[in-house]
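Below you'll find the structure, written out as structure tokens, and then a few comments.
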Amino acid sequence: MKKSAGVGNEKYIQALAKGLSVLECFRDIDEFGITEIGNIVNLAESSVQRIVHTLEATGYLYQNSDNKKYRLTPKILLARGKSEEFVKWKEQARKHMVVLNEFCGENVNLAIRQDDVCSYIELVESKHLLRPHFTLNDLYPLYCTSLGRSLLSDLTEYELDLVLPKELEQRTPYTIIDRKKVIEKIKETQRNQYAIDDEEFYLGLVCVGSPVYGLGSKVIAAISVIGPKVRIDEEMTNKLIPRVKEAAGKISDEYHTIFSIND
């Protein structure tokens, strides 16, 4: 690994430099294993392992469990803004979101995890006058939203303990703030492949979400339908669940198709 001009300077942070050198391996849409990364950046495998696990925990890399190699997440592809594959995937995802929007007439959202919050990266708005007004790139909590629980649904309890805030805000009278109950809700999402937020995030709003999977069955995004409770009642919720899951599956398939091209 080349030495930076900052080496020896008291302001130089060696651990950060090593972490950045690992990220620089992923200039293109490629996959690398721990040994391969170590050879590229000239670091011991034990050091690479710690760096990669940190980058994975903070949402910059994810592991393709099919081959145990690592890839960039949509979070960092979005920040780069230069990935043709990522742009193409969003365009394809939007087509499925439009179909879902036409079925239910409500807002349809696609989001990714940003550490301990989620951020919308695509949105198809409802044509109803009475509708939620959320914007792209704004940040929303994970623990009390269907998008958030979907995004967290493949994490272990240990990982959830690291990601979830120590104190959960009581946003509405229906918000679950008991950590054990929140974790159980997330486990339910993993089992059922969908989550429901019934006025937990915002009074009067109901949201049905489902996880989107990348290579190796890793959750890399989530999709949801959100609207006022006067329209998304129990009957409509039951109709939405299979539709949202179906859309999430199709968007997952699009991701596999597009990002497998360079394999």
Total formal charge among the other residues, if their Cβ is under 9 angstrom from that of His96, Lys/Arg +1 and Asp/Glu -1
+1
Give a residue-ordered list of calculated ³J(HN,Hα) values for region 71-76 (Karplus: 6.51 cos²θ - 1.76 cosθ + 1.60, θ = phi - 60°; whole Hz; x for Gly, Pro).
9, 5, 8, x, 4, 7
Calculated from backbone phi, Karplus (6.51, -1.76, 1.60) coupling profile of region 205-210 in Hz, x at Gly/Pro:
10, 10, 9, 10, x, 8
Loop only by DSSP, 12 or fewer other Cβ within 10 Å of the Cβ. Give me the GluC sites (Glu not before Pro) in region 149-243 that pass, ordered by residue number.
Glu167, Glu169
Sites matching trypsin sites (Lys or Arg not before Pro) across region 41-104 that sit in DSSP coil, with at most 13 neighbouring C-beta atoms within 10 Å:
Lys68, Lys82
Where does the chain land at 222 nm, in deg cm²/dmol rounded to the nearest 500, when only DSSP H runs of n ≥ 4 count, each adding -39500 (n - 2.57), divided by all residues?
-13500 deg cm²/dmol
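Counting other Cβ atoms within 10 Å, which trypsin sites (Lys or Arg not before Pro) in region 132-172 have at most 11 and lie in a DSSP loop? Show your work: numbers first, answer last.
Numbers: sites: Arg149, Lys166, Arg171; in loops: Lys166, Arg171.
Passing both the DSSP loop test and the Cβ count: Lys166.
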Have a look at Asp197, Asp154, Asp233 and tell me which one the Gaussian network model of the chain (Cα, springs below 10 Å) gives the largest fluctuation.
Asp233
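Which value, in debye to the nearest 20, gives the size of the charge dipole of the chain about its Cα centre, when Lys and Arg are +1 and Asp and Glu are -1 at the Cβ?
Here the size comes out at about 400 debye.
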log10 of Debye I(q)/I(0), alpha-carbon scatterers only, for region 39-158 at 0.15 Å⁻¹:
-0.81
Using a probe radius of 1.4 Å on heavy atoms only, what accessible surface per residue do you get for region 93-141? Whole Å² is fine.
47
Viscosity 1.002 mPa s, temperature 20 °C: give me the Stokes-Einstein translational D for the chain in µm²/s, with Rh taken as the Kirkwood radius over C-alpha pairs.
111
Rounded if a/c is under 1.5, else prolate if a/b beats b/c, else oblate: with a ≥ b ≥ c from the C-alpha gyration tensor eigenvalues square-rooted, which is region 135-263?
oblate
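The values are calculated or read from the model by the stated rules, or taken from the named source; none is laboratory data. Predicted, not measured: the structure shown is a model, and the values here were computed from it. Cβ coordinates were reconstructed from backbone atoms using ideal geometry, including for glycine residues, and neighbour counts include every protein chain displayed. The protein model used for the area step is the full one, side chains on, heavy atoms only, and it has no ligands, DNA or RNA in it. Shrake-Rupley method; radii C 1.70, N 1.55, O 1.52, S 1.80 Å.
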